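Student: My questions will all concern the structure given below.
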Amino acid sequence: MSTWTRGYKILGLAVLIYCLVMLGIPALLVRGCGFDRGMVEESNGRMVRVQLAPGRVVTLPLETYLIGVVAAEMPAKFDIEALKAQAVAARTYTLLRINGKASDRKHPDAALCADPGHCQAWLSLGDLRKRWGLFAFGSNYEKVASAVRATAGEVLVYRDELIDPVYHASCGGRGTEDAREVWGRDIPYLKRVPCRWDPPERQGVVATSFSMKDFFTRLGITGQAVPASNAGDLVQVLDRTGSGRVRRVEIASQVFRGVELRKALGLRSTDFTVSAAGGKVTFYTRGYGHAVGMCQYGAQGLALRGQTYRQILEYYYRGAVMKKLPEAGN
Ligand SMILES: [Zn+2]
Ligand SMILES: [Zn+2]
């Protein structure tokens with residue numbers, strides 16, 4: 001056999017082994033973590049009903065459901081401690097709703113829905129295959145599942161009651177917001193805390209523009225003359241919250257709360273400045289989300305600095321502590 005032929009054979013063998021590894025390992029992992037087998041025991045016996053769409057409700061073991069939530073709510077590439085923090089927050093959020101303490105009339109037949117704008121996001125195995133692609137699916141799924149397994153049964157409590165562990169994508173580096181500023185009521189464990197760990201690209205400013213007509217329509221302001229010039233005074237920030245986000249603005253002699261404006265215009269956050277010129281209104285926002293509770297990019301930053309999931313959770317939810325639940329039925 002010539003050196004060339006032997007070289008090609010070795011190359012062929014190497015390609016074959018590579019293909020087996022790349023295709024075989026994800027396939028094995030997927031089979032090993034199927035929804036039907038093995039997970040029921042890990043759910044501590046608890047089941048959850050989730051509305052995927054109006055009239056379409058599925059019943060899943062709690063811990064299996066949580067894998068789909070963590071995978072949907074946080075990038076799988078995040079540090080395992082950040083994923084574990086997300087798993088405990090998602091479990092607590094879910095159990096609070098299963099227990100009926102925060103039930104919602106939107107879906108009386110299910111404890112939760114899969115709409116991230118209402119409850120928590122959730123993705124099925126099929127959705128996750130599409131999101132991650134065939135090659136990354138097995139390892140990503142196993143990583144997220146291991147974060148859920150490692151924290152099985154663990155929840156956050158305040159004075160022995162489950163907390164409502166709301167979270168958001170990124171505070172933009174400004175620190176989190178006090179719940180009172182967003183929902184109008186004090187929640188002792190949802191207070192403003194500093195957060196300096198969002199990566200630089202999350203601390204940048206994002207511009208969103210609206211035509212004057214669209215802007216007024218979205219705010220329900222009618223009969224307002226579109227200012228031709230000197231439009232810089234169109235949106236006046238009246239005051240800001242303790243964290244520096246917009247609390248109230250005045251537009252065309254009407255006062256709006258920052259959170260109202262964010263909702264009406266679909267802004268990324270209430271941490272903004274405004275300019276108006278050339279027939280357009282432009283908002284420059286920082287961060288993403290309501291900014292209350294755990295900052296997910298901040299959690300990742302803390303995990304990269306060596307903090308454990310327990311330290312991360314107890315940092316963002318001040319005064320709350322972790323607790324391991326007894327198995328259901330005990
Ligand atoms: Zn819901
Ligand atoms: Zn943050």
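Student: Using amide H atoms built 1.01 Å from N in the peptide plane, name the residues 5+ places from residue 198, or on other chains, whose amide H lies under 5 Å from its own.
Tutor: HN-HN under 5 Å from residue 198: 173.
Student: Would you please name the trypsin sites (Lys or Arg not before Pro) within the range 122-163 that are DSSP coil residues with at most 16 other C-beta atoms within 10 Å of their C-beta?
Tutor: Listed in order of number, the matching sites are 159.
Student: If each residue of separation counts as 0.36 nm, what is the full-extension length gain between residue 260 and residue 322 once their alpha-carbon separation is subtracted?
Tutor: Values: separation 62, 0.36 × 62 = 22.32 nm, distance 3.36 nm.
So the chain would gain 19.0 nm between residue 260 and residue 322.
Student: Heads up, I need the accessible area for residue 290: 1.4 angstrom probe, whole protein in place, Å², nearest 10.
Tutor: Estimated to the nearest 10 Å², residue 290 gives 50 Å².
Student: Using a 1.4 Å probe on the protein chains only, how many percent of the accessible area of the range 205-285 belongs to carbon and sulfur?
Tutor: After summing per-atom areas, the C and S share lands at 47 percent.
Student: In nanometres, what is the gap between the two model label sites at residue 143 and residue 124, each 7 Å from Cα along Cα-to-Cβ?
Tutor: 2.5
Student: Another question, then. Taking the simple approach of a point 7 Å from Cα along Cα-to-Cβ for both residue 250 and residue 115, what is their distance in nm?
Tutor: For the pair residue 250/residue 115, the computed spacing is 3.6 nm.
Student: Show me 294-304, 70-80 ranked by packing, highest mean number of other Cβ atoms within 10 Å first.
Tutor: Top to bottom by mean Cβ count within 10 Å: 294-304, 70-80.
Student: Please give the contour-minus-distance gain from residue 47 to residue 80: 0.36 nm per residue of separation, less the Cα-Cα distance, rounded to one decimal in nm.
Tutor: Length gained, residue 47 through residue 80: 9.4 nm.
Student: Using Cα pairs closer than 8 Å and at least 6 residues apart in sequence, work out the relative contact order for the range 205-285, in percent. The partial results should precede the final answer.
Tutor: Working: 130 pairs, mean separation 31.2, N = 81.
Relative CO of the range 205-285 lands at 38 percent.
Student: Report ³J(HN,Hα) in whole Hz for each residue of the range 84-90, in order, from the Karplus equation J = 6.51 cos²θ - 1.76 cosθ + 1.60 where θ = phi - 60°; Gly and Pro get x.
Tutor: 5, 4, 5, 5, 5, 5, 5
Student: Taking the C-alpha atoms of the range 99-231, how large are the radius of gyration and the largest Cα-Cα span, Dmax, in Å?
Tutor: 20.9, 60
Student: For a quick check: with amide H placed at 1.01 Å from N, whose amide H comes under 5 Å from residue 115's, ignoring anything fewer than 5 positions away on the same chain?
Tutor: 120
Student: Report the calculated FRET efficiency for residue 207 and residue 237 (r = Cβ-Cβ distance, R0 = 22 Å), to the nearest 0.05.
Tutor: E between residue 207 and residue 237, to the nearest 0.05, is 0.85.
Student: Mean shadow of the range 205-285, computed from the convex hull of its alpha carbons, in nm²? Can you show the working numbers first?
Tutor: Details: hull surface 19.2 nm².
Here the figure is 4.8 nm², rounded to one decimal.
Student: May I ask you to compute the full-extension gain from residue 134 to residue 282, defined as 0.36 nm times their residue separation minus their alpha-carbon distance, rounded to one decimal in nm? Don't skip to the end; give the middle numbers.
Tutor: Values: separation 148, 0.36 × 148 = 53.28 nm, distance 4.05 nm.
Taking residue 134 through residue 282 to full extension adds about 49.2 nm, to one decimal.
Student: Moving to a separate point now. Quick one: divide the alpha-carbon radius of gyration of the range 290-330 by 2.2 N^0.38 Å and tell me what you get.
Tutor: Details: Rg = 12.9 Å, N = 41, 2.2 N^0.38 = 9.0 Å.
Normalised by 2.2 N^0.38 Å, the Cα Rg of the range 290-330 equals 1.42.
Student: Only residues of the range 74-103 count here: report those whose backbone N is under 13 Å from the spot 7 Å along Cα→Cβ of residue 304, or say none.
Tutor: 77-80, 82
The values are calculated or read from the model by the stated rules, or taken from the named source; none is laboratory data. Note that the structure is a prediction, hence the values are computed from the model and not measured. Virtual Cβ from ideal backbone geometry, glycine too; neighbours counted across all protein chains shown. Calculation scope for accessible area: heavy atoms of the full protein, side chains included, ligands and nucleic acids excluded. Shrake-Rupley method; radii C 1.70, N 1.55, O 1.52, S 1.80 Å.
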